[in-house]
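Everything on this sheet refers to the single structure shown next.
The values are calculated or read from the model by the stated rules, or taken from the named source; none is laboratory data. On a predicted model such as this, the values are computed, not experimentally measured, just so you know. So basically every Cβ, Gly included, is an ideal-geometry build from the backbone, and we count neighbours across all protein chains shown. Only protein heavy atoms, including side chains, enter the accessible area calculation; ligands, DNA and RNA are left aside. Shrake-Rupley method; radii C 1.70, N 1.55, O 1.52, S 1.80 Å.
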Amino acid sequence: MADKFDVIVIGGGPGGYVAAIRAAQLGLKTACIDMYSDKDGKASPGGTCLNVGCIPSKALLDSSKHFHHLQHEFGDHGISVKDAGIDVPTMIARKNGVVKKLTGGVSQLLKGNKVTFHHGKGILKAGKRVEVTPAEGGETFSLDADNVILASGSVPIQIPNVEFDGKFIVDNVGALDFDQAPATLGVIGAGVIGLELGSVWNRLGSKVTLLEALPDFLALADRDVSKLAAREFKKQGLDIHLGSLVKSARVKKDKVNVVVEGDKGESTHTFDRLLVSVGRKPFTDGLLSEDSGVRLTDRGQIEVDDQSRTSVPGVWAVGDCVRGPMLAHKASEEGIAVAELIAGKPAHIHFDTVPWVVYTDPEIAWVGQTEQELESAGVTYRSGSFPFAANGRALAGGNSAGMVKILADSETDEILGVHIIGANASELISECVVAMEFQGSSEDLARIIHAHPTLSEAVHEAALHLDGRAIHRGN
Ligand code: FAD
Ligand code: NAD
């Protein structure tokens, strides 16, 4: 007889492991199955986010930022350092150590919450039976459950005629593990991964060229933010080519030749390494047996309703394998909501207030709608903004680039969107998410006391500016 659980979670990323912990906290007998293996073939729960995504990229962004500051900004503070150098293998080893600490922490959390963990591949069969093939050898076995949560994540999109080889043409995994800064790095796609990992290697000395198919830069962001970002990244030496659709890439004599179609016809660029970051797609290979009954959309996502129910009662799906933004915090909140729904509690996700952050320098963060979205929806709004160049703390810290922009409904004053480009935008956006969750108005932000001197005063001043009464800028 197969072991029986209240909940089986397939996938141990931020969607899956968080769902499993929350289900166990709610008293449900829970198992979590994850097939990711580290370089030694051992379990490493945490999914893309902890192993080859959010965390390792931020570790390298932080290391490379220190190096960049040492070379280009410490001088302003009167600090001089002779013969600054970067030892890339040490930096990569530190990053690997951070990953190991966190994935080990997830294992401990699962154990501490009495979640049964299996390192292996899970396949959902009819009748909510899950067949597990152990990753480290041994017989395949089956588990039964009243509820199954699918959290199988996503993988990089591969484009035709550009084959990953793991050395010259790489995805995020390869670009997080270069053993030295390539002299020239081509990046296909000036999206979030391209900008973050392009920034890392640019700071460490690579000449980085980003080839972006769309005519607009960072089209998802508010246009004022993307304009400012383009200017800042150009100053840093990132060479961004818009309207450049990559047609093919071939490795010849240890160089990658990339054919690009642009306004002026076809051209060829040659790089030492090429990062392909053209988006990610849901990963469902080998997850569902033919008779599982779980339907996929025509985009390959697992079809779910707005509370993450699939087409099979008792089978749920969360995170990158379903609709919505591919973000770790969205995956985790969905996982928590599903665990609570299974336990009979009310739960709901507000997709309108999922914050986005791009961890470049300056950072970019936003929540809610952009000005162009409001315009095309015919919403009447008022806008207020404040530059960090007029914020005392930003100037003191040498972080004067960027601004805060707040958009509010012109009749009700409800905040509809906040867009920040600047130092610590990733942290500053939280206040704005909270305000929006409480359906706050720009006046609420304007009347709240913000500590001085802090970067958050720029949020305060942008709210004041919206009402024509900013103190530290002309209105
Ligand atoms: P995943 O994290 O992909 O986890 C899925 C897990 O399921 C994997 O371990 C996989 O091996 C396992 N699995 C799949 N199928 C099976 C099966 N059949 N049986 C057993 N196990 C299976 N998001 C942010 O919010 N902030 C960031 O800063 C950020 N940075 C990123 C940087 C990079 C370079 C990348 C690539 C992504 C980044 N993301 C970031 C996105 C974030 O990583 C994902 O949104 C998040 O990991 C999705 O979580 P998930 O649980 O849905 O899937
Ligand atoms: P992306 O969607 O952010 O950017 C991909 C870019 O590639 C787009 O601008 C697209 O126009 C371009 N493109 C597509 N095909 C092309 C071609 N043939 N030639 C040239 N350009 C082409 O995707 P990504 O950067 O791969 O990241 C995937 C996802 O991972 C993100 O959407 C995000 O959900 C997640 N992520 C989040 C963070 C974060 O939250 N900080 C960081 C990294 C990744």
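Brief remarks on what is shown
- Of the numbered criteria (1) open to solvent by less than 50 Å² (accessible area, probe 1.4 Å); (2) within 20 Å of S37 (Cα to Cα); (3) outside the structural domain of K42 (by TED's automatic domain parsing), the one V162 fails is (2).
- In summary, helices (runs of 4 or more DSSP H) completely within region 133-245 and bearing 3 or more residues that are under 20 Å from K58 (Cβ atoms) and within 13 Å of ligand 2 (Cβ to nearest atom) occur at 172-175, 192-203.
- Pairs with Cβ under 9 Å, 6+ apart, first in region 145-166 and closer than 30 Å to A2 by Cα, second open to solvent by 40 Å² or more (accessible area, probe 1.4 Å) and near ligand 2 (Cβ under 10 Å from one of its atoms): G153/T48; G153/R280; G153/M326; S154/T48; S154/R280; S154/K281; S154/M326
- Residue in region 407-420 that is assigned to a helix (DSSP H, G or I) and in contact with a strand residue (DSSP E or B) (Cβ under 8 Å, 6 or more places away or on another chain) present: no
- Within region 172-181, considering residues that are open to solvent by 10 Å² or more (accessible area, probe 1.4 Å) and touching a helix residue (DSSP H, G or I) at 6+ places or on another chain (Cβ under 9 Å), the one nearest to ligand 1 (Cβ to nearest atom): N172
- Region 159-171: number of residues that are within 17 Å of V246 (Cβ to Cβ) and either more than 14 Å from ligand 1 (Cβ to nearest atom) or touching a helix residue (DSSP H, G or I) at 6+ places or on another chain (Cβ under 7 Å) (or both): 8
- Matching residues in region 326-363 - criterion: being near ligand 1 (Cβ under 8 Å from one of its atoms), open to solvent by less than 50 Å² (accessible area, probe 1.4 Å) and within 12 Å of the chain's Cα centre (by Cα): L327, A328, K330, A331, V357
- Filter pass, V225 being in contact (Cβ under 8 Å) with a residue 40 or more places away in the chain, within 13 Å of I169 (Cα to Cα) and open to solvent by less than 30 Å² (accessible area, probe 1.4 Å): no
- Qualifying residue in region 140-158 (condition: charged (D, E, K, R), more than 26 Å from L296 (Cβ to Cβ) and either under 28 Å from the mean Cα position of the chain (by Cα) or in the same structural domain as D34 (by TED's automatic domain parsing) (or both)): no
- If the condition is being within 21 Å of the chain's Cα centre (by Cα) and either within 21 Å of Q369 (Cβ to Cβ) or not assigned by TED's automatic domain parsing to the domain that holds L274 (or both), then region 202-226 contributes L214, D216, F217, L218, A219, L220, A221, D222, R223, V225, S226.
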